[in-house]
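Just below is one structure, and these are the notes that go with it.
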Amino acid sequence: MEINEHCVVALTWVLKDTLGEELDVLHEPVEFMVGGDDLLERIEQALQGHEVGAELSLHLEPEDAFGDYDGQLLFLEARALFPQELEEGMTFEGSALPEGVSAQAPRDALYTVAQIYPEHVVLDGNHPLAGMALRLQLRVHGVREASEEEAERRSAGAGFFRIQPMAPGSDARH
């Protein structure tokens, strides 16, 4: 079966920065919906028409990946507003930020605790890979029609390219 809109693909990949440093490796195939919200548009375009066994190498500029880094999405907030067990790397949904956080912080963003100082916390609303050109080598391990449920929710359940809130100590990238 050829990859087209509204199908599910099982992929493995190696994601690197332009200096060759590995940022993420999927060793076991993970399913993503093409034509949904699971993959970046540039990846979906590259996959079109390929079949199981295809191997692709993509170069993604920031505008094709996670956008340019936006300094306007950095916020210095009072440390006292946050839980005592706060750690760098933790994430907060904008809608769940503590009471008293800057009204300028968009509530539809996801914030990473970038730095913790005795009196302040730096929140970063940028995607961790924002501003980076990326190299992605991927392999197609499976292709199938999307189920009605997957088509409705526009996802096969994987959300690598949508950062999710995490527990302390978990991997921020997916």
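If each DSSP helix of 4+ residues adds -39,500 (n - 2.57) and the sum is divided by the residues in the chain, what number results at 222 nm, nearest 500 deg cm²/dmol?
-2000 deg cm²/dmol
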What's the FRET efficiency of A130 with N4 using the Cβ-Cβ distance as r and R₀ = 35 Å, to the nearest 0.05?
0.70
Can you tell me the Rg and Dmax of segment 71-124, counting just the alpha carbons, in angstroms?
9.8, 27
Give, in nm to one decimal, the length gained when the segment between A114 and E22 is fully stretched (0.36 nm per residue of separation minus the Cα-Cα distance).
31.0 nm
Given the chain, what whole percent of its Cα pairs are spread farther than 22 Å?
50
Provide the per-residue ³J(HN,Hα) series for segment 95-102, in order, calculated from phi with Karplus coefficients 6.51, -1.76, 1.60 and θ = phi - 60°, each as a whole number of Hz, with x at glycine and proline positions.
6, 10, 5, x, 4, x, 6, 2
Of D108, D64, D37, which is the most mobile in a GNM of the chain whose springs link Cα atoms less than 10 angstrom apart?
D108
Return the sequence-ordered ³J(HN,Hα) values of segment 59-70 in whole Hz as given by the Karplus equation 6.51 cos²θ - 1.76 cosθ + 1.60 applied to θ = phi - 60°, using x for Gly and Pro.
10, 10, 6, x, 5, 8, 10, 10, x, 6, 5, 10
In order over segment 107-116: 3J(HN,Hα) from phi, Karplus 6.51/-1.76/1.60, θ = phi - 60°, whole Hz, x for each Gly or Pro, gives 7, 9, 9, 10, 10, 9, 6, 7, 8, 10
Tell me the trypsin sites (Lys or Arg not before Pro) within segment 35-128 that lie in a loop according to DSSP and have at most 14 other beta-carbon atoms within 10 Å.
R107
Taking 8 Å as the Cα distance limit and 6 or more residues as the minimum spacing, I'd like the relative contact order of segment 71-124 as a percentage.
47
With a sphere of radius 14 Å drawn around the Cβ of L76, what net charge do the other residues whose Cβ falls strictly inside it have (Lys, Arg +1; Asp, Glu -1)?
-2
Amide H to amide H, which residues 5 or more places from D70 or on other chains are under 5 Å from it, using H placed in the peptide plane?
none
Calculated FRET value between A96 and Y69, using beta carbons and R₀ = 25 Å, to 0.05:
0.60
Candidates E119, E150, E44; GNM for the chain (alpha-carbon contacts under 10 Å) flags as most fluctuating E119
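Where a number appears in this text, it was derived from the coordinates with a stated rule and is not lab data. Quick caveat: nothing in here was measured; it's all calculated off a predicted structure. All Cβ positions, even for glycine, are placed from backbone atoms using ideal geometry, and neighbour counts span all protein chains on display.
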